[in-house]
Ligand code: DLL
């Protein structure tokens, strides 16, 4: 039986949802106009006043915000309330440029944790469950978000944070954890380690996993599910909007329901910024409808995906987003061809490899090179050299038909590619160095 954390809102009719969104948007635009001079200036530049936005039909009139705006306004420029009303910050890992610092009032924290509670409940969680949170705790939103959601649901929460893999497994086994929350790459690593320890799917007490924070393929989902004997649910979010729980998967596993009473989603063409019709692939843009401290309007996520409003068998009515294919800034342009790491992952896993791979891009004599290094499984490792060469050729062909370009494939020894306890680093692009 499907469980809901807040059934009334999660299964509300379209009319009810639109009414809530209209009311919240009008209020939010006024709030931002009154309290965020940075955005007010952007509205003024477009000749806009708050009264020009009467409903969600007027959303398109509002200016966009991008990561560049967040950097420019760092640290307080987009703050929507007095600092004395804020109780928390979280921050992105900031691999490129300045970190993003997001602020929260207590209301914002509650709203965020409620979204995570919806996700845990959709994965079958209740106060009977033991939920191990193996996302990093600290500035990263994964640990704190799922921790708060787990408390709200009433699960016994094990706040292991990431790392110390054998201790993670000890807690799962000794305290009979039923729900595991971590990145999909860490889940795959935990599964690999459990297998080595002789633990099969029937020995492992887990029943569900809530995995997100990075792109992962359906093939990887299948591998994790069979290794651990669980159902693996996707969860999406970003620090700028709160953290995990902006969208989450239900039992149907056909895309993630966006918490539309808090986050209004649009898909735009990333080049022209034109809003695209439902079902088109493009960049996901979000407006936070009721956050107080860090209220972003029309924030460009750079995540590429599609939205659908088709009826979902779980009974939830909120719009669904497909698994993001990757970020527009993760997309590699190799010899003029757009390549997403997730496409490469699909080919590798379809050929029987695990998701232990690295993509190395370089430029030699003015030509881009694409080198895919993938670990052999222990069984393959005993193959003869001729077999290994045949396997490499098979992968080169598979990649050619998926990507349309030729890649070099190097099969490497098991365990030679570093494992990740958080978000995996899949791409090394030497061209930018
Ligand atoms: O990754 C929040 C999060 C924590 C989500 C735990 C889910 C679970 P950031 O570090 O700010 O926040 O990174 C946000 O990660 O724009 C996407 O590109 C990517 N991302 C997040 N979830 C998914 C997912 C957290 N399920 C960025 N699938 C986003 C694909 C995802 N990409």
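The values are calculated or read from the model by the stated rules, or taken from the named source; none is laboratory data. Model, not experiment: these values are computed from the prediction. Methodologically, a virtual Cβ is constructed for each residue, glycine included, from the backbone with ideal geometry; neighbour enumeration extends over all protein chains shown.
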In a strand (DSSP E or B), closer than 23 Å to residue 189 by Cα and away from the ligand (no atom under 12 Å from the Cβ) - does that describe any residue in region 132-139? yes
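What tally of residues in region 163-189 results from selecting those that are more than 20 Å from residue 242 (Cβ to Cβ) and within 14 Å of the ligand (Cβ to nearest atom)? Please lay out each step first, then the result.
As a first pass, look at region 163-189 and keep what is more than 20 Å from residue 242 (Cβ to Cβ): 163-180, 184-189.
Right, trim to within 14 Å of the ligand (Cβ to nearest atom) and you get 179-180, 184-187.
Qualifying residue count, region 163-189: 6.
Test residue 146 against the criterion of being assigned to a strand (DSSP E or B) and under 30 Å from residue 100 (Cα atoms), and give yes or no.
On the way: assigned to a strand (DSSP E or B): no; under 30 Å from residue 100 (Cα atoms): yes.
Here the answer is no, as residue 146 does not meet what is asked.
Is region 230-245 home to any residue that is over 23 Å from residue 298 (Cα atoms), more than 14 Å from the ligand (Cβ to nearest atom) and touching a residue at least 12 places away in the same chain (Cβ under 8 Å)? Please lay out each step first, then the result.
In the first step, residues of region 230-245 are kept if they are over 23 Å from residue 298 (Cα atoms); the result is 230-234.
Filter once more, so that each one left must be more than 14 Å from the ligand (Cβ to nearest atom): 230-231.
With touching a residue at least 12 places away in the same chain (Cβ under 8 Å) added as a condition, the list becomes 230-231.
Looking through region 230-245, at least one residue is over 23 Å from residue 298 (Cα atoms), more than 14 Å from the ligand (Cβ to nearest atom) and touching a residue at least 12 places away in the same chain (Cβ under 8 Å).
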Which condition number in (1) in contact with a helix residue (DSSP H, G or I) (Cβ under 6 Å, 6 or more places away or on another chain); (2) more than 11 Å from the ligand (Cβ to nearest atom) is the one that residue 211 fails? (2)
Residues in region 244-254: is at least one at positive phi and crowded, with 23+ Cβ neighbours inside 10 Å? yes
Which residue pairs have Cβ atoms under 9 Å apart, sit 6 or more places apart or on different chains, and have a first residue in region 120-145 that is not assigned by TED's automatic domain parsing to the domain that holds residue 243 and a second that is surrounded by fewer than 24 Cβ atoms within 10 Å (Cβ to Cβ) and at pLDDT 95 or above? none
Against the definition (more than 11 Å from the ligand (Cβ to nearest atom), touching a strand residue (DSSP E or B) at 6+ places or on another chain (Cβ under 8 Å) and modelled with pLDDT of 95 or more), how does residue 199 come out, yes or no? no
Single condition residue 121 does not satisfy, out of (1) touching a helix residue (DSSP H, G or I) at 6+ places or on another chain (Cβ under 9 Å); (2) within 12 Å of the ligand (Cβ to nearest atom): (2)
Where residue 218 falls short, out of the listed (1) farther than 28 Å from residue 11 by Cα; (2) within 14 Å of the ligand (Cβ to nearest atom): (1)
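Can you pull out the residues in region 90-105 that are more than 16 Å from residue 147 (Cβ to Cβ), more than 19 Å from the chain's Cα centre (by Cα) and either more than 15 Å from the ligand (Cβ to nearest atom) or at pLDDT 95 or above (or both)? Can you show your working first?
Here is the first cut: in region 90-105, the ones more than 16 Å from residue 147 (Cβ to Cβ) are 91-103, 105.
If we keep only those that are more than 19 Å from the chain's Cα centre (by Cα) as well, we get 97-98, 103, 105.
Hits for region 90-105 are 103, 105.
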If the requirement is being over 25 Å from the mean Cα position of the chain (by Cα) and surrounded by 14 or more Cβ atoms within 10 Å (Cβ to Cβ), which of these qualifies: 429, 362? 362
